[in-house]
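The structure appears below as C-alpha coordinates.
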Amino acid sequence: MRRSIKKVAAGLLATMMIGTMLTGCGGGNKKDSGSSKKETSEINIGFSQVGAESDWRVANTKSMKSALTAKNGFKLSFADAQQKQENQTKAVREFITQGVDVIAIAPVTETGWETVLKEAKKADIPVITVDRQIKTSDDSLITAWVGSDFKKEGVKAAEWLIKEKGKEKGDVNIAVLQGTIGSSAEIGRTKGFKEGIKDQKNFKIIASQTGEFTQAKGQEVMESFLKQNKDIDVVVAQNDNMAFGAIDALKAAGKTPGKDVTIISFDAIKAALKKVQSGEINAEFECNPLHGPRVAELAKKIMKGEKVDKIQYVDEQVFTKDNTTKEVINKRAY
Ligand code: AHR
(Lines give C-alpha, C1' and ligand atoms only; values in the text may rest on other atoms or scores of the structure.)
Protein backbone atom coordinates (compact mmCIF):
# COMPACT_ATOMS: atom_id res chain seq x y z
CA MET A 1 0.00 0.00 0.00
CA ARG A 2 1.32 3.49 -0.88
CA ARG A 3 2.47 5.54 2.10
CA SER A 4 0.04 8.31 1.10
CA ILE A 5 -2.93 5.95 0.97
CA LYS A 6 -1.85 4.43 4.28
CA LYS A 7 -1.76 7.92 5.75
CA VAL A 8 -5.18 8.90 4.40
CA ALA A 9 -6.64 5.63 5.73
CA ALA A 10 -5.04 6.20 9.13
CA GLY A 11 -6.28 9.78 9.09
CA LEU A 12 -9.83 8.72 8.27
CA LEU A 13 -9.78 6.10 11.00
CA ALA A 14 -8.48 8.63 13.52
CA THR A 15 -11.14 11.15 12.48
CA MET A 16 -13.89 8.52 12.74
CA MET A 17 -12.66 7.46 16.20
CA ILE A 18 -12.51 11.05 17.45
CA GLY A 19 -15.96 11.69 15.94
CA THR A 20 -17.35 8.60 17.72
CA MET A 21 -15.75 9.63 21.02
CA LEU A 22 -17.24 13.12 20.80
CA THR A 23 -20.68 11.79 19.86
CA GLY A 24 -20.47 9.22 22.66
CA CYS A 25 -19.79 12.02 25.16
CA GLY A 26 -22.76 13.89 23.85
CA GLY A 27 -20.37 16.32 22.12
CA GLY A 28 -20.51 16.41 18.31
CA ASN A 29 -18.61 19.69 18.44
CA LYS A 30 -18.05 20.69 14.81
CA LYS A 31 -15.03 22.86 15.59
CA ASP A 32 -13.20 20.01 17.30
CA SER A 33 -13.86 17.39 14.63
CA GLY A 34 -12.94 19.93 11.96
CA SER A 35 -9.57 20.65 13.53
CA SER A 36 -8.72 16.96 14.02
CA LYS A 37 -9.51 16.39 10.36
CA LYS A 38 -7.10 19.17 9.39
CA GLU A 39 -4.39 17.74 11.61
CA THR A 40 -4.57 14.33 10.01
CA SER A 41 -4.49 15.71 6.47
CA GLU A 42 -1.44 17.93 7.06
CA ILE A 43 1.48 17.02 4.81
CA ASN A 44 4.90 16.94 6.43
CA ILE A 45 7.38 18.05 3.81
CA GLY A 46 11.14 18.38 4.09
CA PHE A 47 12.77 20.76 1.63
CA SER A 48 16.51 20.73 1.04
CA GLN A 49 17.47 23.98 -0.67
CA VAL A 50 20.81 24.64 -2.46
CA GLY A 51 21.61 27.77 -0.46
CA ALA A 52 21.24 31.52 -0.98
CA GLU A 53 23.88 32.04 -3.67
CA SER A 54 21.78 34.30 -5.87
CA ASP A 55 18.76 36.59 -5.89
CA TRP A 56 17.02 33.93 -7.98
CA ARG A 57 17.59 31.40 -5.21
CA VAL A 58 16.23 33.79 -2.58
CA ALA A 59 13.08 34.22 -4.71
CA ASN A 60 12.81 30.45 -5.04
CA THR A 61 13.05 29.95 -1.26
CA LYS A 62 10.42 32.63 -0.73
CA SER A 63 8.09 30.95 -3.22
CA MET A 64 8.53 27.54 -1.57
CA LYS A 65 8.04 28.90 1.94
CA SER A 66 4.95 30.86 1.04
CA ALA A 67 3.31 27.88 -0.70
CA LEU A 68 4.19 25.20 1.84
CA THR A 69 2.36 26.81 4.75
CA ALA A 70 0.14 25.45 7.50
CA LYS A 71 -2.75 27.38 5.93
CA ASN A 72 -2.18 25.44 2.73
CA GLY A 73 -2.02 22.10 4.58
CA PHE A 74 1.74 21.69 5.04
CA LYS A 75 4.26 21.40 7.83
CA LEU A 76 7.58 22.44 6.30
CA SER A 77 11.06 21.48 7.48
CA PHE A 78 13.48 23.71 5.59
CA ALA A 79 17.22 23.05 5.30
CA ASP A 80 19.72 25.40 3.63
CA ALA A 81 22.67 23.41 2.25
CA GLN A 82 24.95 26.42 1.75
CA GLN A 83 25.89 25.16 -1.72
CA LYS A 84 27.25 21.88 -0.31
CA GLN A 85 25.87 18.58 -1.45
CA GLU A 86 27.03 16.76 1.69
CA ASN A 87 24.75 19.09 3.68
CA GLN A 88 21.88 18.08 1.42
CA THR A 89 22.57 14.38 2.01
CA LYS A 90 22.55 15.02 5.77
CA ALA A 91 19.30 16.99 5.54
CA VAL A 92 17.58 14.26 3.53
CA ARG A 93 18.67 11.66 6.13
CA GLU A 94 17.21 13.86 8.87
CA PHE A 95 13.94 14.14 6.96
CA ILE A 96 13.83 10.34 6.71
CA THR A 97 14.45 10.01 10.46
CA GLN A 98 11.72 12.56 11.14
CA GLY A 99 9.37 10.45 9.01
CA VAL A 100 8.21 13.26 6.72
CA ASP A 101 5.57 12.43 4.11
CA VAL A 102 7.36 13.99 1.14
CA ILE A 103 10.92 15.16 0.47
CA ALA A 104 11.60 18.02 -1.95
CA ILE A 105 15.15 18.63 -3.13
CA ALA A 106 16.65 21.47 -5.15
CA PRO A 107 19.94 19.67 -5.78
CA VAL A 108 23.30 21.43 -5.97
CA THR A 109 24.60 18.94 -8.54
CA GLU A 110 23.04 16.18 -10.64
CA THR A 111 25.12 13.24 -9.43
CA GLY A 112 25.96 11.58 -6.13
CA TRP A 113 22.41 10.97 -4.93
CA GLU A 114 21.91 7.25 -5.43
CA THR A 115 22.55 6.04 -1.85
CA VAL A 116 20.44 8.56 0.04
CA LEU A 117 17.59 8.32 -2.46
CA LYS A 118 17.53 4.56 -2.01
CA GLU A 119 17.20 5.19 1.73
CA ALA A 120 14.21 7.49 1.06
CA LYS A 121 12.65 4.84 -1.17
CA LYS A 122 13.15 2.17 1.48
CA ALA A 123 11.34 4.45 3.94
CA ASP A 124 8.55 4.80 1.32
CA ILE A 125 8.96 8.58 1.11
CA PRO A 126 8.31 10.10 -2.34
CA VAL A 127 10.93 12.56 -3.59
CA ILE A 128 10.15 15.63 -5.69
CA THR A 129 13.09 17.39 -7.30
CA VAL A 130 12.72 21.06 -8.04
CA ASP A 131 14.65 23.51 -10.24
CA ARG A 132 17.76 21.38 -11.03
CA GLN A 133 17.63 17.68 -11.77
CA ILE A 134 19.17 14.51 -10.34
CA LYS A 135 20.63 11.74 -12.50
CA THR A 136 20.08 8.24 -11.16
CA SER A 137 20.37 4.76 -12.63
CA ASP A 138 16.99 3.94 -11.08
CA ASP A 139 14.16 6.11 -12.37
CA SER A 140 11.85 5.11 -9.53
CA LEU A 141 13.95 7.01 -6.95
CA ILE A 142 12.37 10.29 -8.06
CA THR A 143 8.59 10.66 -8.18
CA ALA A 144 8.45 13.98 -10.04
CA TRP A 145 10.54 16.96 -11.11
CA VAL A 146 9.56 20.53 -11.94
CA GLY A 147 11.94 23.16 -13.30
CA SER A 148 13.48 24.85 -16.31
CA ASP A 149 14.70 23.48 -19.62
CA PHE A 150 18.24 24.76 -19.12
CA LYS A 151 19.53 23.41 -22.41
CA LYS A 152 16.76 25.22 -24.27
CA GLU A 153 17.76 28.44 -22.46
CA GLY A 154 21.34 27.98 -23.75
CA VAL A 155 20.15 27.27 -27.30
CA LYS A 156 17.95 30.41 -27.25
CA ALA A 157 20.94 32.49 -26.11
CA ALA A 158 23.01 31.12 -29.00
CA GLU A 159 20.24 31.84 -31.50
CA TRP A 160 19.93 35.41 -30.24
CA LEU A 161 23.69 35.97 -30.51
CA ILE A 162 23.81 34.57 -34.04
CA LYS A 163 21.12 37.07 -35.06
CA GLU A 164 23.07 39.89 -33.40
CA LYS A 165 26.62 39.10 -34.41
CA GLY A 166 26.51 36.19 -36.84
CA LYS A 167 27.24 38.37 -39.84
CA GLU A 168 30.31 40.09 -38.37
CA LYS A 169 33.43 39.61 -40.50
CA GLY A 170 36.05 39.06 -37.79
CA ASP A 171 36.10 36.72 -34.82
CA VAL A 172 33.55 37.22 -32.06
CA ASN A 173 35.37 36.47 -28.80
CA ILE A 174 33.13 35.04 -26.11
CA ALA A 175 33.85 34.68 -22.38
CA VAL A 176 31.58 32.39 -20.37
CA LEU A 177 30.94 32.70 -16.64
CA GLN A 178 29.67 29.26 -15.77
CA GLY A 179 27.48 28.41 -12.82
CA THR A 180 28.24 25.69 -10.28
CA ILE A 181 29.95 22.92 -12.22
CA GLY A 182 27.82 19.79 -12.35
CA SER A 183 24.53 21.59 -11.68
CA SER A 184 21.76 21.15 -14.25
CA ALA A 185 21.69 24.91 -14.86
CA GLU A 186 25.40 24.94 -15.73
CA ILE A 187 25.33 21.69 -17.72
CA GLY A 188 22.25 22.63 -19.76
CA ARG A 189 23.19 26.25 -20.47
CA THR A 190 26.77 25.29 -21.44
CA LYS A 191 25.64 22.45 -23.69
CA GLY A 192 22.79 24.38 -25.29
CA PHE A 193 24.92 27.43 -26.02
CA LYS A 194 27.84 25.41 -27.43
CA GLU A 195 25.57 23.33 -29.64
CA GLY A 196 23.74 26.44 -30.76
CA ILE A 197 26.90 28.21 -31.98
CA LYS A 198 28.72 25.16 -33.33
CA ASP A 199 28.26 26.09 -37.02
CA GLN A 200 29.15 29.73 -36.43
CA LYS A 201 32.81 29.56 -37.35
CA ASN A 202 33.66 33.14 -36.30
CA PHE A 203 32.31 32.59 -32.75
CA LYS A 204 35.17 31.65 -30.42
CA ILE A 205 34.80 30.79 -26.75
CA ILE A 206 38.13 32.19 -25.54
CA ALA A 207 37.55 31.87 -21.78
CA SER A 208 35.26 29.79 -19.60
CA GLN A 209 35.30 29.40 -15.83
CA THR A 210 32.90 28.95 -12.98
CA GLY A 211 31.73 31.95 -10.97
CA GLU A 212 29.66 29.63 -8.71
CA PHE A 213 26.47 31.60 -9.50
CA THR A 214 27.56 34.36 -7.08
CA GLN A 215 28.14 38.04 -7.73
CA ALA A 216 31.50 38.20 -5.89
CA LYS A 217 32.96 35.22 -7.73
CA GLY A 218 31.50 36.42 -11.03
CA GLN A 219 33.31 39.72 -10.59
CA GLU A 220 36.56 38.03 -9.55
CA VAL A 221 36.56 35.67 -12.55
CA MET A 222 35.66 38.50 -14.94
CA GLU A 223 38.58 40.54 -13.60
CA SER A 224 40.94 37.67 -14.32
CA PHE A 225 39.42 37.18 -17.81
CA LEU A 226 40.08 40.85 -18.52
CA LYS A 227 43.68 40.59 -17.39
CA GLN A 228 44.30 37.67 -19.76
CA ASN A 229 42.19 38.74 -22.74
CA LYS A 230 41.96 42.27 -23.98
CA ASP A 231 39.46 41.55 -26.75
CA ILE A 232 36.33 40.13 -25.19
CA ASP A 233 33.31 40.94 -27.36
CA VAL A 234 30.64 38.97 -25.52
CA VAL A 235 30.13 37.84 -21.93
CA VAL A 236 27.73 34.97 -21.33
CA ALA A 237 26.95 34.98 -17.61
CA GLN A 238 25.00 31.90 -16.63
CA ASN A 239 23.04 33.88 -14.06
CA ASP A 240 22.18 37.46 -13.19
CA ASN A 241 24.33 37.82 -10.11
CA MET A 242 27.44 36.81 -12.04
CA ALA A 243 26.40 39.26 -14.77
CA PHE A 244 26.23 42.04 -12.14
CA GLY A 245 29.73 41.11 -10.97
CA ALA A 246 30.99 41.09 -14.57
CA ILE A 247 29.43 44.49 -15.24
CA ASP A 248 31.29 45.96 -12.24
CA ALA A 249 34.55 44.40 -13.43
CA LEU A 250 34.06 45.74 -16.97
CA LYS A 251 33.29 49.24 -15.70
CA ALA A 252 36.39 49.16 -13.48
CA ALA A 253 38.41 48.23 -16.58
CA GLY A 254 37.04 51.29 -18.40
CA LYS A 255 34.61 49.38 -20.65
CA THR A 256 30.94 50.11 -21.21
CA PRO A 257 28.87 46.95 -20.63
CA GLY A 258 26.17 46.47 -23.24
CA LYS A 259 28.11 48.59 -25.80
CA ASP A 260 31.83 47.67 -25.81
CA VAL A 261 30.96 44.20 -24.63
CA THR A 262 27.65 42.43 -25.29
CA ILE A 263 26.18 40.96 -22.12
CA ILE A 264 23.97 37.88 -22.15
CA SER A 265 22.50 36.65 -18.89
CA PHE A 266 20.06 34.10 -17.48
CA ASP A 267 17.33 34.37 -14.80
CA ALA A 268 15.70 37.73 -15.69
CA ILE A 269 15.23 38.97 -12.14
CA LYS A 270 13.77 42.46 -11.73
CA ALA A 271 17.15 44.15 -11.12
CA ALA A 272 18.52 42.56 -14.30
CA LEU A 273 15.53 43.66 -16.37
CA LYS A 274 16.26 47.22 -15.22
CA LYS A 275 19.75 46.77 -16.68
CA VAL A 276 18.24 45.52 -19.94
CA GLN A 277 16.19 48.70 -20.06
CA SER A 278 19.21 50.89 -19.31
CA GLY A 279 21.26 48.99 -21.93
CA GLU A 280 23.88 47.39 -19.68
CA ILE A 281 22.55 43.89 -20.37
CA ASN A 282 21.65 43.07 -23.97
CA ALA A 283 19.60 39.91 -23.58
CA GLU A 284 18.03 38.03 -20.69
CA PHE A 285 16.95 34.39 -20.83
CA GLU A 286 14.34 33.79 -18.19
CA CYS A 287 14.59 31.09 -15.53
CA ASN A 288 11.45 30.98 -13.42
CA PRO A 289 12.01 30.43 -9.66
CA LEU A 290 8.36 30.44 -8.59
CA HIS A 291 8.09 26.71 -8.01
CA GLY A 292 6.38 26.78 -4.59
CA PRO A 293 2.77 26.39 -5.82
CA ARG A 294 3.85 23.73 -8.33
CA VAL A 295 5.58 21.65 -5.65
CA ALA A 296 2.60 22.08 -3.31
CA GLU A 297 0.23 20.79 -5.98
CA LEU A 298 2.50 17.84 -6.80
CA ALA A 299 2.87 16.91 -3.12
CA LYS A 300 -0.90 17.01 -2.57
CA LYS A 301 -1.58 14.83 -5.61
CA ILE A 302 1.12 12.32 -4.65
CA MET A 303 -0.26 12.07 -1.12
CA LYS A 304 -3.73 11.39 -2.51
CA GLY A 305 -2.25 8.58 -4.59
CA GLU A 306 -2.96 10.46 -7.85
CA LYS A 307 -0.76 10.05 -10.89
CA VAL A 308 1.50 13.02 -11.65
CA ASP A 309 3.66 13.94 -14.65
CA LYS A 310 7.20 12.79 -14.00
CA ILE A 311 8.76 15.82 -15.71
CA GLN A 312 7.28 19.30 -15.87
CA TYR A 313 9.06 22.13 -17.68
CA VAL A 314 7.97 25.70 -17.07
CA ASP A 315 7.51 28.23 -19.90
CA GLU A 316 10.14 30.94 -20.12
CA GLN A 317 10.68 34.14 -22.10
CA VAL A 318 13.48 36.14 -23.69
CA PHE A 319 13.89 39.81 -22.75
CA THR A 320 15.67 42.46 -24.80
CA LYS A 321 15.35 46.24 -24.81
CA ASP A 322 12.35 46.05 -27.19
CA ASN A 323 10.04 44.09 -24.89
CA THR A 324 11.38 45.15 -21.48
CA THR A 325 9.01 47.99 -20.75
CA LYS A 326 8.53 49.76 -17.41
CA GLU A 327 5.24 47.91 -17.07
CA VAL A 328 6.97 44.53 -17.49
CA ILE A 329 9.55 45.47 -14.84
CA ASN A 330 6.95 46.75 -12.39
CA LYS A 331 4.91 43.59 -12.71
CA ARG A 332 7.93 41.34 -12.15
CA ALA A 333 7.39 39.20 -9.04
CA TYR A 334 11.08 38.53 -8.40
O1 AHR B 1 19.35 26.40 -10.90
C2 AHR B 1 18.95 27.68 -11.23
C3 AHR B 1 20.09 28.62 -11.10
O4 AHR B 1 20.58 28.59 -9.78
C5 AHR B 1 19.80 30.08 -11.36
O6 AHR B 1 20.05 30.48 -12.65
C7 AHR B 1 20.79 30.74 -10.48
O8 AHR B 1 20.61 32.11 -10.30
C9 AHR B 1 20.70 29.91 -9.28
O10 AHR B 1 21.63 30.11 -8.33
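The values are calculated or read from the model by the stated rules, or taken from the named source; none is laboratory data. Here the structure is a predicted model, which means the values were calculated and not measured. Ideal geometry is used to build each Cβ from the backbone, glycine not excepted, and the neighbour counts take in all protein chains shown.
What are the residues in the range 155-188 that are under 24 Å from Gln228 (Cβ atoms) and in contact with a Ser or Thr (Cβ under 8 Å, 6 or more places away or on another chain), if any? Result: Leu161, Lys165, Ala175, Val176, Leu177, Gln178, Gly179, Thr180, Ile181, Glu186. Scanning the range 59-79 for residues that are within 16 Å of the ligand (Cβ to nearest atom) and buried (at least 17 other Cβ atoms within 10 Å of the Cβ) gives Ala59, Asn60, Thr61, Ser63, Met64.
Among the residues of the range 122-134, is there at least one that is without any contact (Cβ under 8 Å) to a residue 40 or more places away in the chain and assigned to a helix (DSSP H, G or I)? Don't jump to the end; show me each part of the working.
Restricting attention to the range 122-134, the residues satisfying the condition of being without any contact (Cβ under 8 Å) to a residue 40 or more places away in the chain are 122-123, 127, 129, 134.
Next, from what is left, pick out any that are assigned to a helix (DSSP H, G or I): 122.
Within the range 122-134, one or more residues are without any contact (Cβ under 8 Å) to a residue 40 or more places away in the chain and assigned to a helix (DSSP H, G or I).
From the list Lys90, Lys75, Lys62, Lys71, which residue is closer than 28 Å to Phe266 by Cα and among the basic types (Lys, Arg)? After ruling out the rest, the residue left standing is Lys62. Considering (1) more than 17 Å from Cys287 (Cβ to Cβ); (2) under 18 Å from the mean Cα position of the chain (by Cα); (3) surrounded by fewer than 17 Cβ atoms within 10 Å (Cβ to Cβ), the lone condition that Gln85 does not fulfil carries the number (3). Taking residues in the range 201-220 that are more than 16 Å from the ligand (Cβ to nearest atom), and partners anywhere that are among the small types (Gly, Ala, Ser) and part of a strand (DSSP E or B), the pairs with Cβ atoms closer than 6 Å and at least 6 places apart or on different chains are Ala207/Ala175.
Taken over the range 224-283, residues that are in a strand (DSSP E or B) and either within 16 Å of the ligand (Cβ to nearest atom) or among the polar types (S, T, N, Q) (or both) amount to 10.
State whether the residues of the range 223-242 include one that is of a type in the set (Gly, Ala, Ser), closer than 24 Å to Leu161 by Cβ and free of Cβ contacts under 8 Å to residues at least 24 places away in the same chain.
Within the range 223-242, one or more residues are of a type in the set (Gly, Ala, Ser), closer than 24 Å to Leu161 by Cβ and free of Cβ contacts under 8 Å to residues at least 24 places away in the same chain.
Residues in the range 286-332 that are aliphatic (A, V, I, L, M) and either assigned by TED's automatic domain parsing to the domain that holds Ser63 or touching a helix residue (DSSP H, G or I) at 6+ places or on another chain (Cβ under 8 Å) (or both): Leu290, Val295, Ala296, Leu298, Ala299, Ile302, Met303, Val308, Val314, Val318, Val328, Ile329. One residue is enough: does the range 136-154 have a residue meeting the conditions more than 30 Å from Asp101 (Cα to Cα) and crowded, with 22+ Cβ neighbours inside 10 Å? Within the range 136-154 (the criterion being more than 30 Å from Asp101 (Cα to Cα) and crowded, with 22+ Cβ neighbours inside 10 Å), the answer is yes, since at least one residue qualifies. Only one residue in Glu153, Glu94 is in a helix (DSSP H, G or I) and touching a residue at least 60 places away in the same chain (Cβ under 8 Å). Which one? Criteria check complete, one pass: Glu153.
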